[in-house]
1. Can you pull out the residues in region 33-45 that are under 27 Å from residue 307 (Cβ atoms), touching a residue at least 60 places away in the same chain (Cβ under 8 Å) and open to solvent by 20 Å² or more (accessible area, probe 1.4 Å)?
2. Pick out the one residue from 277, 289, 283 that is open to solvent by 40 Å² or more (accessible area, probe 1.4 Å) and closer than 19 Å to residue 4 by Cβ.
3. Among the basic types (Lys, Arg), crowded, with 18+ Cβ neighbours inside 10 Å and either modelled with pLDDT of 95 or more or within 29 Å of the chain's Cα centre (by Cα) (or both) - does that describe any residue in region 527-540?
4. Of the residues in region 412-445, how many are modelled with pLDDT under 90 and open to solvent by 30 Å² or more (accessible area, probe 1.4 Å)?
5. What residue, of 356, 346, 387, 363, is open to solvent by less than 50 Å² (accessible area, probe 1.4 Å), within 25 Å of the chain's Cα centre (by Cα) and more than 24 Å from residue 478 (Cα to Cα)?
6. Name the pairs: first residue in region 296-311 and polar (S, T, N, Q), second residue assigned to a loop (DSSP other than H, G, I, E, B) and open to solvent by 60 Å² or more (accessible area, probe 1.4 Å), Cβ to Cβ under 8 Å, at least 6 apart or on different chains?
7. Please specify each residue of region 224-242 satisfying the condition of being open to solvent by 100 Å² or more (accessible area, probe 1.4 Å) and either part of a loop (DSSP other than H, G, I, E, B) or of a type in the set (Gly, Ala, Ser) (or both).
8. Filter region 342-359 for residues that are at pLDDT below 95 and of a type in the set (A, V, I, L, M, F, W, C); which is nearest to residue 288 (Cα to Cα)?
Amino acid sequence: MKYVLVTGGVVSGLGKGVTASSLGVVLKACGLRVTSVKIDPYLNTDAGTMSPFEHGEVFVLDDGGEVDLDLGNYERFLDVTLTRDNNITTGKIYQSVLDKERKGDYLGKTVQVVPHITDAIKNWIESVSLIAVDRKEGPADVCVIELGGTVGDIESMPFIEALRQLFFVVGQDNFCIVHVSLVPVLSVVGEQKTKPTQHSVRELRALGLTPHLLACRSAQPLLENTKQKLSQFCHVPVGNIINIHDVPNIWHVPLLLQNQNAHDAVLKQLDLTAVAEPPDLQEWNNRAETLDNLTNTVRIALVGKYVGLTDSYLSVVKALLHSSVACSLEPKIDWIAASDLEEDSAQMTPDSHAAAWKTLKDASCVLVPGGFGDRGVKGMILAAKYARENNVPYLGICLGMQISVIEFARNALGLERANSTEFDSQTSDPVVIFMPEGSKTHMGSTMRLGSRRTLFQTPDCVTAKLYQNSEYVDERHRHRYEVNPEVVGMLENAGLKFVGKDETGKRMEVLELPSHPFYVGVQFHPEFKSRPGRPSAPFVGLILAATGQLEAYLRTQRNGS
C-alpha cells in the first residue's frame, strides 16, 4: 500500500479536506485506485453527538457511521463508499486499547501511549486502507490520509508519532507527505509572508516528518520569489511547492493541482510513475467551466436552525449545487433562521422578522433540512404552511418531513395540538413519535442510522419517477422520531399521501401532496449520496419544480427519452 499523508499548519480551516480529496481525484485520473482515511484528534468516539455549530454537519455513511464532514468531500470527489472505520478518532483508539487492556491482551504490561496507542493507530490505518471502497475487488493502490487539526496541537501528537513510525516501516517509496499551509498577505505591507509556513514546517520536521510537497493556500497566486524563499527555508524543491489560491469554485482545485504537476511529484515519490497514466480530468474541467459560466439563477429559501454556520448543512448545499448545475442553473441560497419567522420575533426583532418573511416570499422554492430540538420549530411550521397554501415547491428532509406532517395535521385536519413528542411529550395528538427501538439514556449511535430501503407504494408518485425506479430506493437515515403510524390513515384521507414506506410497511419514508405542484417530504437524507454529475433525485425535483420544468421532465422520463 502507498500512503499520502496530508497535514496542516498555521491555522485550521485551510481546506485540508478539499486538498486531500483533490489529490485523490488527480491520482484516480491517473488510473490508480484511491481510498481515504480521516484522522480527528478529538476524544469523541465519533461526530454523532457534536453540535453542528461545533464541528459542522455530521455526515452519515452507508454502514451508519456518523463521521466528520470531510468524509463527505471524499465520497463526493472520489465517488467512493467509505466505512465508519475510515474515520479515526482519539476516542476510538483509546477505547480499543482500553478494551484490550481490560481483557488482559497486554499480558500485564504497563499500557502506554508509546507503543500501545501508536501501534493501535498504525494497525488501524493499515487494516482500513485495505478495505475496497470503489465497488471493485481487492485493495486500493493509494490511501490518502488527512490528519485533522494543526501541527503542534497536543492532542494530535500520538498520531504524528504513529505516522512517523508508519513512514519508517513502509519505507521512502511508499509514503508521501503533503503539508498544507497559509501564505498570508498583510494589508499594511502588501507582501506575501512565508514565515508562518517556515515555522509550521520546522515544527513538523522536529516531530520527525519532513514534507515532500507544500500546498500553499493564498488569496492570489504565489510569486516566484515567494516559492524560492519557501524552498530554501523548508527544504522542499521549488517544483514541489503547489499553490492553491482562491478559485471561483472548489471543482477547480483538482485542475490547479494537475496544472502544477502535483501528481508527477506524488507519483515520483511513491515510485508509481511507471504504472500511472497521464491524468484525464476533462470531465472535471467541463464541470468547473459550466458552473463558472452559468447566468440563470434559482432562489432557494433554506429554513433551518443552524444557519449561522453554513458547514452545518454542507451536504445539503452541495446537493443543491449538483442539482442546480444539472438544470443549467446557479443556486442562490437564501439562509433563513427559522426562529426569525415566528410571532415572538415580530415583537422582539421586528426588522429580522420582516426580512425573513420577505426572503421567504421572494424565493422560488422552500427547503427545510434536518435538525434536533424544539428551537425554531414554530418558524419551520410557518414556512411549510406558506409553501403548501401558496403552491411553492417544498422539500422537507428528516425533521422537515415531520414538520410538514405536524403542519398538515394542525391546519388541514384541525388538530391544533398536533405535535411531535420530541417537542411536547404530553401532546394529545402525537403525529410524530419516538421510535420503539431508540434509547432514551444514550445519545451516541442509538438512532436509526445508515442505508435503509424504502419501497414505493405506487410507481405513479413523483418521487419514484424522479428516482427512475418504480419499486425502491436505498438512502441513508439519521433519526430518532418517526410519523405515528396510527394517524397515517387520517392524514391520507385528507389528501397527504405516504408514497414510500420501509419494508415493514409501518415506517413512513416519503410523503407527497398530489394536489400541489411539488410538496415532498423524505425521512431519509438524500443529500449524503448526491454526487457531481449524479445529483440527488429529490433535489432535482425541487429545482425543476421551482423553475416550472418538472412536468416536462417527468414526461420525457415517461417516454424514455
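1. Initially, region 33-45 is screened for residues under 27 Å from residue 307 (Cβ atoms), giving 38, 40, 42, 44.
Filter again for touching a residue at least 60 places away in the same chain (Cβ under 8 Å), leaving 38, 40, 42.
42, the sole residue that qualifies.
2. Working: 289 fails: closer than 19 Å to residue 4 by Cβ; 283 fails: closer than 19 Å to residue 4 by Cβ.
Sole residue among the options that is open to solvent by 40 Å² or more (accessible area, probe 1.4 Å) and closer than 19 Å to residue 4 by Cβ: 277.
3. Pass one, region 527-540, residues among the basic types (Lys, Arg): 529, 531, 534.
With the extra rule that they be crowded, with 18+ Cβ neighbours inside 10 Å, the set shrinks to 529.
When the remaining residues are screened for being either modelled with pLDDT of 95 or more or within 29 Å of the chain's Cα centre (by Cα) (or both), the result is 529.
Yes, some residue in region 527-540 is among the basic types (Lys, Arg), crowded, with 18+ Cβ neighbours inside 10 Å and either modelled with pLDDT of 95 or more or within 29 Å of the chain's Cα centre (by Cα) (or both).
4. Initial filter on region 412-445 (modelled with pLDDT under 90): 435-445.
Within this subset, residues satisfying the condition of being open to solvent by 30 Å² or more (accessible area, probe 1.4 Å) are 436-437, 439-445.
Qualifying residue count for the region: 9.
5. Numbers: 356 fails: within 25 Å of the chain's Cα centre (by Cα); 346 fails: within 25 Å of the chain's Cα centre (by Cα); 387 fails: within 25 Å of the chain's Cα centre (by Cα).
Just a single option satisfies the conditions, and that option is 363.
6. Pairs found: 296/328.
7. First, pick out the residues of region 224-242 that are open to solvent by 100 Å² or more (accessible area, probe 1.4 Å): 224-225, 232-233, 235.
Selection gives 235 alone.
8. So, considering only residues that are at pLDDT below 95 and of a type in the set (A, V, I, L, M, F, W, C), the one nearest to residue 288 (Cα to Cα) is 346.
The values are calculated or read from the model by the stated rules, or taken from the named source; none is laboratory data. A quick note: this is a predicted structure, and the numbers were derived from the prediction, not measured. Using ideal geometry, Cβ is built from the backbone for each residue, glycine included, and neighbour counts are taken over all protein chains shown. Side chains are part of the model used for accessible areas, which takes the heavy atoms of the whole protein and leaves out ligands, DNA and RNA. Shrake-Rupley method; radii C 1.70, N 1.55, O 1.52, S 1.80 Å.
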